[in-house]
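Worksheet: one structure, shown below.
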Amino acid sequence: MVTLHHHPLCPQSRFVRLFLGEYGIDPQLIEEKPFERRQDYLLLDPAGETPLLIEDNGMVVPGAVTIAEYFDETRGLALGIHRLLPDDPAGRVEVRRLLHWFTQKFFAEVSSWLVTEKVYKRYMTRAQGGGAPDMDLVRAARANIRYHMRYIGYLTAHRKWLAGDRLTYADLAAAAHLSVADFLGDVPWDEDETAKLWYARVKSRPAFRPLLADRLAGLSPAAAYADLDF
């Protein structure tokens, strides 16, 4: 049994939950509110960010990409042809390039603003920086997501999956970040039909089902969020 400290609408946490599902691992989930900077959590990870994974032997692994690399090193070979990080160097470079694109670039330009402004600030106190969302940042995220959608569409028009001929960490990271925007109703699905079809394929995988069941008190998902035929 592994333990995952996460927030339900943290896209980096969702990425880890997705690939754990692909590994056939059902973690014990502990919800963290990063903005609370809980002392016991800071002792595990001084950065105070989500996600953070604890192995059953007590080993602490912080950060989505670090957890992904750790699982490839410790369990990747057992997946055989379904390994989420390819065996060949060129394939590994491409997956890592796209991992950086979504966990860093997409996060900075889209999902971080949406989650902070539309989710976290709803539950933060005034002292923590809570209050009404900054709609300028929300509008910027909504504008930025359009070219990310077009890039996803471009990649999947030329490949079966984002990084090549098989599902990899790249697809799961991209889908995790899009899923948060989808929950909040901020994905322009009419921007690129190829991207939409790719997302529908990832969304229909068994590993995605727990994400579709996520709910937060006082915050309902968009109407088509859990619809596989959206």
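The values are calculated or read from the model by the stated rules, or taken from the named source; none is laboratory data. Please read all numbers here as calculations on a predicted model, not as lab measurements. Note: ideal-geometry Cβ built from the backbone for every residue, glycine included; neighbour counts use all protein chains shown. What goes into the accessible areas is simple: the full protein's heavy atoms, side chains included, and nothing from ligands, DNA or RNA. Shrake-Rupley method; radii C 1.70, N 1.55, O 1.52, S 1.80 Å.
Which residues, counting only those in the stretch 158-194, are outside any loop (DSSP other than H, G, I, E, B) and over 18 Å from the mean Cα position of the chain (by Cα)?
Let us first name the residues in the stretch 158-194 that are outside any loop (DSSP other than H, G, I, E, B), namely 158, 169-183, 193-194.
Those that are outside any loop (DSSP other than H, G, I, E, B) and over 18 Å from the mean Cα position of the chain (by Cα): 158, 193, 194.
Please count how many residues of the stretch 188-210 are touching a helix residue (DSSP H, G or I) at 6+ places or on another chain (Cβ under 6 Å) and either touching a residue at least 60 places away in the same chain (Cβ under 8 Å) or aliphatic (A, V, I, L, M) (or both).
3
Take the residues in the stretch 21-52 that are in a helix (DSSP H, G or I), free of Cβ contacts under 8 Å to residues at least 60 places away in the same chain and among the hydrophobic types (A, V, I, L, M, F, W, C), then tell me which one is surrounded by the most Cβ atoms within 10 Å (Cβ to Cβ).
Of the residues in the stretch 21-52, the ones in a helix (DSSP H, G or I) are 21-22, 34-36, 39-44.
Pick out the ones that are also free of Cβ contacts under 8 Å to residues at least 60 places away in the same chain and you get 39-44.
Keeping just the survivors that are among the hydrophobic types (A, V, I, L, M, F, W, C) gives 42-44.
Numbers: 42: 11, 43: 9, 44: 15.
Per the criteria, the residue is 44.
With open to solvent by 50 Å² or more (accessible area, probe 1.4 Å), out of contact with any His (no Cβ under 8 Å at 6 or more places or on another chain) and not hydroxyl-bearing (Ser, Thr, Tyr) as the only criterion, which of 181, 176, 223 stands out?
Values: 181 fails: open to solvent by 50 Å² or more (accessible area, probe 1.4 Å); 176 fails: open to solvent by 50 Å² or more (accessible area, probe 1.4 Å).
None of the other options fit; the residue is 223.
Evaluate the following for residue 105: is it of a type outside the set (Gly, Ala, Ser), open to solvent by 20 Å² or more (accessible area, probe 1.4 Å) and under 23 Å from residue 225 (Cα atoms)? Break it down into steps so the answer makes sense when it comes.
Details: of a type outside the set (Gly, Ala, Ser): yes; open to solvent by 20 Å² or more (accessible area, probe 1.4 Å): yes; under 23 Å from residue 225 (Cα atoms): no.
Criteria not met by residue 105.
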